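Q: Okay, handing you the structure first.
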Amino acid sequence: MVLSRAASDSDESVHSTFASRYVRTCLPRFKIPDNSIPKEAAYQIINDELMLDGNPRLNLASFVTTWMEPECDKLIMAAINKNYVDMDEYPVTTELQNRCVNMIAHLFNAPLGESETAVGVGTVGSSEAIMLAGLAFKRRWQNKMKAQGKPFDKPNIVTGANVQVCWEKFARYFEVELKEVKLRDGYYVMDPEKAVEMVDENTICVAAILGSTLNGEFEDVKRLNDLLTIKNKETGWETPIHVDAASGGFIAPFLYPELEWDFRLPLVKSINVSGHKYGLVYAGIGWVIWRNKDDLPDELIFHINYLGADQPTFTLNFSKGSSQVIAQYYQLIRLGYEGYKNVMENCMENMIVLKEGLEKTGRFNIVSKDNGVPLVAFSLKNNQRHDEFEVSHLLRRFGWIVPAYTMPPDAQHITVLRVVIREDFSRTLAERLVVDIQKVLKELDTLPAKINAEEVKKNGGLVAKKTPLETQREITTIWKKFVMDKKTNGVC
């Protein structure tokens with residue numbers, strides 16, 4: 001006879017969370033529970049649910065850093081309870097932020113004097129950085145139009161249709177018209193000539209992208225600067241340029257130092273960059289740098305003294321953690337120019353490995369360029385039977401998160417898959433990904449074709465409905481073939 005004893009309500013004698021009542025108690029999902037639970041149980045319950053998340057290292061959709069050195073992890077945890085905005089209480093953290101701003105400004109060739117400090121600020125990411133830069137452009141344009149006695153209620157920004165959604169957010173939130181240059185087949189970035197044609201007296205700036213989210217390509221900022229200079233001289237306008245270098249800002253200075261895209265071009269007045277992308281810091285840090293003080297209107301800067309001293313602030317939020325600022329400073333002094341260059345070169349080499357592996361399959365067209373952000377954007381040569389979305393879906397079974405998406409207008413009929421090559425994506429992983437993609441393609445070849453919208457249209461919108469028996473027989477046949485193809489000789 002087996003003797004058993006039920007655990008007491010207090011579970012005082014139970015040391016394992018999984019032997020306690022807490023793992024069989026239903027916790028409310030959308031209301032705070034009435035009673036407390038032990039810290040061990042709370043940790044285990046949450047940790048168990050998080051196991052169902054994807055592996056960040058295999059999330060090839062994201063540009064955001066997913067690995068840092070253990071020494072930097074220690075610094076991050078040590079500063080996790082510091083509020084960055086308390087500058088008087090944490091003066092060293094403030095100093096580290098100022099050092100980062102100046103280092104990045106020099107990296108972008110800001111025209112600074114020997115003892116002149118750079119104008120810039122750390123942000124939560126490039127989205128906030130772009131909002132701040134856009135507000136500065138809008139306020140400068142409004143002040144100029146007011147001084148000339150002209151209307152100042154219809155500002156606009158000229159961008160390519162390939163811009164990140166944060167530009168659309170800025171335009172909508174701050175009532176600025178977004179004038180987009182449409183894309184076309186084979187040209188998936190903003191055309192400088194068309195962009196300048198769209199500029200008018202109400203254009204507060206033209207936004208160029210150094211590293212398109214869609215295919216990693218750098219837009220021709222030098223050509224844009226030259227064309228806009230000519231138009232400004234002809235019209236008397238002073239339309240400036242902002243460079244959205246969220247992805248490419250920490251790549252171009254190390255891989256393409258001769259490329260003119262930054263403050264070497266006179267019309268470039270501000271640049272944003274994501275520290276949490278190729279700045280190699282975990283999510284939550286961006287930077288915006290202005291050419292000089294005149295490009296950031298004083299009326300946008302607030303001064304507060306209720307935290308202990310006079311503190312200037314120009315941010316959309318107030319409180320934020322200090323960890324990412326400290327982590328950025330760590331990477332800048334730890335890696336230096338040499339280290340960043342080595343990391344970016346490794347990323348580019350692994351990108352070539354993946355690209356060549358995909359080309360050898362004979363099934364893909366490569367949409368991305370060799371020069372730009374290290375990523376591979378590719379599409380199926382023939383997607384009549386199966387498309388890129390199906391490839392993306394099946395790759396998740398191997399743990400890979402590879403996004404499939406359509407291009408913006410007027411190239412929306414193009415669908416691509418994209419793999420971002422980050423610092424922690426090794427050659428071994430690149431080769432493994434190619435093998436898994438080949439497995440997916442082989443499996444798709446055995447499956448029935450997806451219903452094609454064009455075929456449905458040709459048939460007058462009618463699709464012949466199969467009987468349950470026909471459907472069952474078709475599924476059985478497909479699976480038999482699939483299993484037979486997988487069988488191997490020998491002992492299993």
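Q: Being open to solvent by 40 Å² or more (accessible area, probe 1.4 Å) and assigned to a loop (DSSP other than H, G, I, E, B) is the filter here; which residues of segment 76-86 pass it?
A: I80, N81, K82
Q: If you go through segment 110-137, how many residues are open to solvent by 40 Å² or more (accessible area, probe 1.4 Å) and farther than 21 Å from I204 by Cβ?
A: 6
Q: Next question. Given the criteria touching a residue at least 60 places away in the same chain (Cβ under 8 Å) and either more than 30 Å from Q412 (Cβ to Cβ) or of a type outside the set (V, I, T) (or both), does D370 qualify?
A: In short, no.
Q: Checking G279 against (1) closer than 25 Å to M344 by Cβ; (2) open to solvent by 10 Å² or more (accessible area, probe 1.4 Å): exactly one of these is not met. Which one?
A: Condition not satisfied by G279: (2).
Q: Of the residues that sit in segment 87-101 and are part of a helix (DSSP H, G or I) and touching a strand residue (DSSP E or B) at 6+ places or on another chain (Cβ under 8 Å), which one is surrounded by the fewest Cβ atoms within 10 Å (Cβ to Cβ)?
A: Per the stated criteria, the residue is V101.
Q: Now a separate question. What number of residues in segment 24-49 are assigned to a helix (DSSP H, G or I) and either aromatic (F, W, Y) or open to solvent by 70 Å² or more (accessible area, probe 1.4 Å) (or both)?
A: Result for segment 24-49: 5.
Q: Report, by residue number, each residue of segment 205-218 that is on the phi > 0 side of the Ramachandran plot and open to solvent by 10 Å² or more (accessible area, probe 1.4 Å).
A: Residues satisfying the conditions do not exist here.
Q: Being at pLDDT 95 or above, assigned to a helix (DSSP H, G or I) and either among the aliphatic types (A, V, I, L, M) or buried (at least 22 other Cβ atoms within 10 Å of the Cβ) (or both) narrows it down to one of I271, I230, I289, so name that one.
A: After ruling out the rest, the residue left standing is I230.
Q: Going through F314, F389, F378, F318 one at a time, which residue ends up being open to solvent by 20 Å² or more (accessible area, probe 1.4 Å), touching a residue at least 24 places away in the same chain (Cβ under 8 Å) and touching a Leu at 6+ places or on another chain (Cβ under 7 Å)?
A: F314
Q: If I ask for residues that are in a loop (DSSP other than H, G, I, E, B), over 24 Å from the mean Cα position of the chain (by Cα) and under 20 Å from I241 (Cβ atoms), which ones from segment 171-201 would you list?
A: Matches in segment 171-201: V199, D200, E201.
Q: Identify, please: which residue in segment 160-170 is part of a helix (DSSP H, G or I) and open to solvent by 70 Å² or more (accessible area, probe 1.4 Å) and is, among those, farthest from Y405 (Cα to Cα)?
A: Residue satisfying both the conditions and the ranking: K169.
Q: Are any residues in segment 299-308 closer than 26 Å to R140 by Cβ and open to solvent by less than 40 Å² (accessible area, probe 1.4 Å), and if so, which ones?
A: Answer for segment 299-308, where residues must be closer than 26 Å to R140 by Cβ and open to solvent by less than 40 Å² (accessible area, probe 1.4 Å): L300, I304.
Q: Does segment 405-427 contain at least one residue that is more than 21 Å from the chain's Cα centre (by Cα), at pLDDT below 95 and surrounded by fewer than 18 Cβ atoms within 10 Å (Cβ to Cβ)?
A: yes
Q: Let me confirm something: among L265, L296, which residue is open to solvent by 10 Å² or more (accessible area, probe 1.4 Å), over 17 Å from V124 (Cβ atoms) and at pLDDT 95 or above?
A: Exactly one residue qualifies, and that residue is L296.
Q: Of everything in segment 430-452, what is without any contact (Cβ under 8 Å) to a residue 60 or more places away in the chain and touching a Leu at 6+ places or on another chain (Cβ under 9 Å)? Give them in sequence order.
A: D436, K439, V440, E443, L444, listed by residue number.
For (1) open to solvent by less than 70 Å² (accessible area, probe 1.4 Å); (2) out of contact with any strand residue (DSSP E or B) (no Cβ under 9 Å at 6 or more places or on another chain); (3) farther than 22 Å from S126 by Cα; (4) among the polar types (S, T, N, Q), each residue gets a yes or a no:
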| residue | (1), (2), (3), (4) |
| --- | --- |
| V158 | yes, no, no, no |
| F174 | yes, yes, no, no |
| T203 | yes, no, no, yes |
| D244 | yes, no, no, no |
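Q: Something else: Name the single residue that is least open to solvent (accessible area, probe 1.4 Å) among those in segment 328-374 being acidic (D, E) and over 17 Å from V416 (Cβ atoms).
A: So, considering only residues that are acidic (D, E) and over 17 Å from V416 (Cβ atoms), the one least open to solvent (accessible area, probe 1.4 Å) is E345.
Q: Can you tell me which condition E168 does not meet? The list is (1) in contact (Cβ under 8 Å) with a residue 60 or more places away in the chain; (2) acidic (D, E); (3) closer than 19 Å to A129 by Cα, and all the others hold.
A: (1)
Q: Does E260 satisfy being open to solvent by 60 Å² or more (accessible area, probe 1.4 Å) and either in contact with a strand residue (DSSP E or B) (Cβ under 8 Å, 6 or more places away or on another chain) or not in a loop (DSSP other than H, G, I, E, B) (or both)?
A: In short, no.
Q: When you scan segment 379-415, how many residues do you find that are among the basic types (K, R) and either assigned to a helix (DSSP H, G or I) or more than 16 Å from L444 (Cα to Cα) (or both)?
A: So the answer is 2.
Q: Let me ask something else. Go through segment 359-398 and give me each residue that's at pLDDT below 95 and either closer than 23 Å to E349 by Cα or of a type in the set (G, A, S) (or both).
A: Listed by number, the residues that qualify are K369, D370, N371.
Q: From the set of residues in segment 246-257 that are touching a Leu at 6+ places or on another chain (Cβ under 6 Å) and buried (at least 24 other Cβ atoms within 10 Å of the Cβ), which is farthest from W287 (Cα to Cα)?
A: This residue is A252.
The values are calculated or read from the model by the stated rules, or taken from the named source; none is laboratory data. Keep in mind that this is a model prediction, so the values were computed, not measured. Glycine also receives a Cβ, built like all others from the backbone with ideal geometry; neighbour counts cover every protein chain displayed. Ligands, DNA and RNA are stripped out before the accessible areas are found, and what is left, the full protein with its side chains, is counted by its heavy atoms. Shrake-Rupley method; radii C 1.70, N 1.55, O 1.52, S 1.80 Å.
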